Every structure is written in C-alpha cells, then in structure tokens.
1. Name the residue from His231, Thr131, Ile111 whose Cα lies farthest towards the positive end of the charge dipole of the range 93-232, charges +1 on Cβ of Lys and Arg and -1 on Cβ of Asp and Glu.
2. What are the trypsin sites (Lys or Arg not before Pro) within the range 156-214 that DSSP puts in a loop, where the Cβ has at most 11 other Cβ atoms within 10 Å?
3. Note down the magnitude of the dipole of the chain about its Cα centre, charges +1 on Lys and Arg C-beta and -1 on Asp and Glu C-beta and zero elsewhere, to the nearest 20 debye.
4. Residue by residue, what Karplus-based ³J(HN,Hα) values in Hz, rounded to whole numbers, does the range 151-167 have, using 6.51, -1.76 and 1.60 with θ = phi - 60° and x for Gly and Pro?
5. Label points 7 Å out from Cα along the Cβ direction at Asp435 and Ala191: separation in nm?
6. Kyte-Doolittle cut-off -1.0, length cut-off 18 Å along the helix's own axis using Cα: show which whole DSSP H helices in the chain pass.
7. Among all lysine pairs in the range 406-507 that are eight or more places apart or on different chains, how many have alpha carbons less than 22 angstrom apart?
8. Starting from the Cα gyration tensor of the range 406-507, take the square roots of the eigenvalues, sort them a ≥ b ≥ c, and report rounded, prolate or oblate (rounded when a/c is under 1.5, otherwise prolate if a/b is larger than b/c, else oblate).
Amino acid sequence: MRRLLTIQVAVLTYFALATSLSATGKPYNLLVIMTDEHNFRTLGCYRELLPEAQALMWGKAIVETPNIDWIAKSGAICTSFYATTPVCSSSRAALISGQYPQNTPVVTNNIPLSDDVVTFAEILRRQEYATGYAGKWHLDGGGKPQWAPKRKFGFEDNRYMFNRGHWKQLEVTADGPRVAGRDKKDAPSYAIDGANEKNFTTDFLCDKTVEFIETNKDKPFCYMLSIPDPHGPDTVRAPYDTMYADQTYTQPPSANKPDEGLPTWGQKQQGNFNMAKYYGMVKCVDDNMGKVITALRKNKVLDHTIIVFTSDHGDLRGEHHRHNKGVPYEASTRVPFLVHFPGKVKPGTIINEALTSVDFLPTVLSMMGQKTVGREEGRDASELFATGRAPADWTDVAFVRGTGQQLGWLSVVSDRYKLVYSPVDPPWLFDLERDPDEVTNFFEHAAYREIVQELSKHLRDYAAKNKDNFAELPRIKADITWSISGTGPYKASVVPRGGNSKKRGKRK
C-alpha cells in the first residue's frame, strides 16, 4: 500500500510539474496586454466570427489588425468575455485579483485597491518570477499621473507605471519618466504636437516592454503592459492620424431606435461614430504588438510565453446613439480576450462560454501549475482553454455590475442572453441571437419565462455568495423575487418613497 501511495504521489507530482513547464522544459512566462476602452469589432479576428451587419458596424470602412489576429489564430479567442464592471478601475481590479469589484473594493473609478489584495503578479513574484508593469494603473486613488506608485502589488519593476491619464507623449528624464506633452505652465497635458515613434505613448510603453523581455529572457517573467489607447481623446501620431481619414463611416443601426420605453441606462446621448482617429489608434497598437511578438521570437522565448490580449472595457462608438462605456450594452461591456499559450491551447480555439475579468486569475494560474491564495471569486476555466469544451459541471453564466457604492444596475449574461436589473427601471432581457443590436426587451415575453427564471436564480445566488449589495436595492430585490417565483403578468415593483432617490443623490 505504501509503495502504491508513493507511486501515486510521484505521478501527481509529475503532472503538476508538467503543467507548469513548456515544451522547452522552462516555466511559462506571462505577458498580459491590456488596452483601454477598446471596441472588440475593430479587431479582424472578431469580425471574422460575426455576421456582416455586426462586423461592419460603421460601414465597409475597417482597420486591419494582423498582429493581434495572430494571437487569436495561434491560440484562443473568447467570443463572450465581459468586463466585470465596464469602467477602468473596477475592471482592472477584478482582472488582477480575481475578485468582484465590491470586494476589492474598487466599485468605480479612482478608488484605491485594498492593501490585502493578492494579484497574479504577487503570486508569481513569490515563485521567483521577474515581474513588472508599464502603463496606466488606475488603482491607487486620484493621483495623476503619479509615476511608480509605492504599493506595487507584486509588479516589482513599476518604473513606467503611472496611476491615471491618457497621455499622448512620454519621455525619460534624469529624474525618471514623465509626460512629455506640456502646457504653458509646464504641467502634463494631452498635447499631441511633437509626437513620434519614440515618445508616442503606445510606442514608448511597448519599447519598455521589449526592454523588459530582453533583460529577463533567461528567467521566468511576468509583465503587464497597459496601453491607454484607444480611449479618448481621439488623437494619434502621424501617419496614423490620417491613415483612415478618407474612409466613409456610417451610423450604427441601433442609433436610430425609438426613444420610447428606453431604460435610464439606455437613454440616447451624444453618439460618436467617426472612426478615423480611433482606427488610427488601434492600428498603432497592432503595429506595436508586432514589435513585441518579434521581440519574444528574437529572444527565443515565444514558445514558452503566454500572451493575453484584452481590454478593461469597450466603447459604444455611436451604437445606441452613445459613446464611451458604463452601460450593459455589448459594445460597452464585451471586450477582446485572446490567449496564446503554446503547447496548452490549440491554435484556432473558439470559446463561446460567458466569462468575465474575475475568471482570469484562477484560470491562468491553474494552467501555469501555480497555486492561488484562495481569495479568488472567479472560476477556473482552464479546461475550456485546454480542450475547447466546457466541463460537465460548467454553467454558462457570468455576472456584470454597474458602478457606484450606492446605486447601480446588475446583470447576468450567457453566450446568448443578457438579463439586466435596475433600481429605477423595469428589467430588460436581451436575446443576442435574435436581436444582436439590443433594441428589444424580451423580459415579458411568455416564451422567455423559464430563461428569466433560471438566469435570476443564478444572479440571486451570485449576489448572496459574493456580497453584492445591488441585489438588495428595493426594486432589484423585488424584481428578482418576482422573476424567480412570480406568476401572471409582470407588474413593476413599488419602491418606497425616497428609498432610491436618496441613494441616487449620494451617487452624485
């Protein structure tokens, strides 16, 4: 018996080691690339999987992204990956921690990450990985730009980490890095004049990433590159500033939907659909991805480096006659998520199950053979990536929440459906297969009653397990209760007078 146990332990040890080593016999490196406010339809690898009307949202004018597409084709592409909360700070906190925003507690922008959060970088640092970070951080409060925050959260080389801002030019001085664009008072500005292939922020940060790769190529490394484009302002250096100026752009169809019956979070606003400069920013990012991939190949580490390409949230770019993010619509919440994992993820893998930012940490560390500290609230989706198929006990649901500490919407999504609860509006159910433009509310349709009930049960259980206070807001709580056990026609719940109005005031 003792000999049998010894053999079993040896076998388990072998497989644990095998999962953490590449075909070269070296531990896998991890390179995480995050863009900011990036609409997934601008990437060729996503357009290839969409119906023409969805792929060509702004007409036949497109931007080609061969280098980012290479990451997808050499590994996996997730078609239903969502920002846990579609704003910068909250989404970033969820990705690096594997915890929901209310527990980090970064529920909106400019809230500092809790000291006790353990990031994927800290876990790998403890395993003697060289770790670092370049670019926008947005998890240390209001500092702007605030270079190299004192709290590193495992990203040891954070010289080129800045807390906030979408600066267009960066430079290194005798006193360290700084924003190169300056105003008349010599304060940092978003000025684009003088930007070139060395100081333009995307180029600068990617060059620093290449330097880190070259310095640490002989040891395991973990690096996060956070590019502040294609977030506004929509400015980019030459020649990208005019590269797409001659194309014709059309307004997305959802911008023309009727105003009647729209929820508060879906009201029409200013809608920006001129994509020329936005495409220019995306093209600059793609060209720089080519530079980074070439550096990995040149330094002979590509075959044992995991590359993850994603974004913190999307940008509506005129869909629903809106721009920016923060609402439940696909262009706001759904983000690119691509994984190159040589030897572990089969090239051309397409994953259609719903995932969110919180699932990243437990998944990637599991696939690297690394133990987590047990604080993560997301799911280990490693089998999805390794086999392309969902495990037998997998449920295709994920959870996305609005911003704020007092008042916000709450949603549960699957690959096909999205159910949204609001503290001030009736619930909305989207059928993304029948209605990809998200203009129809199927919540009260009899044929969807069981779907509403099932999704609501999952949302109720999520909220209880993960302490999501949005589920306790009077109208949301009442609507979830009706969705699960109510009978007859839906009636909007009666919210106690002042019950939500006070909270709405506090949010301001």
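None of the figures in this text is laboratory data; all of them are computed from the coordinates on show. All values derive from a computational prediction rather than experimental measurement. Methodologically, a virtual Cβ is constructed for each residue, glycine included, from the backbone with ideal geometry; neighbour enumeration extends over all protein chains shown.
1. Final value for the positive-end residue is Ile111.
2. Details: sites: Arg159, Arg164, Lys168, Arg178, Arg182, Lys184, Lys185, Lys198, Lys208; in loops: Arg164, Lys168, Lys184, Lys185, Lys198.
Here the trypsin sites (Lys or Arg not before Pro) that fit, given the DSSP loop and packing criteria, are Lys184, Lys185.
3. Details: 64 positive and 59 negative charges, 262 e Å.
Here the size comes out at about 1260 debye.
4. Along the range 151-167, the couplings run 7, 8, 6, x, 8, 5, 8, 10, 4, 9, 8, 10, 6, 9, x, 10, 5 Hz.
5. Roughly 5.0 nm, to one decimal.
6. Numbers: long enough: 2-20 (27 Å, 1.03); 201-215 (21 Å, -0.01); 276-298 (33 Å, -0.17); 449-466 (26 Å, -1.09).
Span-like helices in the chain: 2-20, 201-215, 276-298.
7. So the count of such lysine pairs works out to 18.
8. Details: a/c = 1.60, a/b = 1.54, b/c = 1.03.
Taking the square roots of the gyration eigenvalues as a ≥ b ≥ c, the range 406-507 is prolate.
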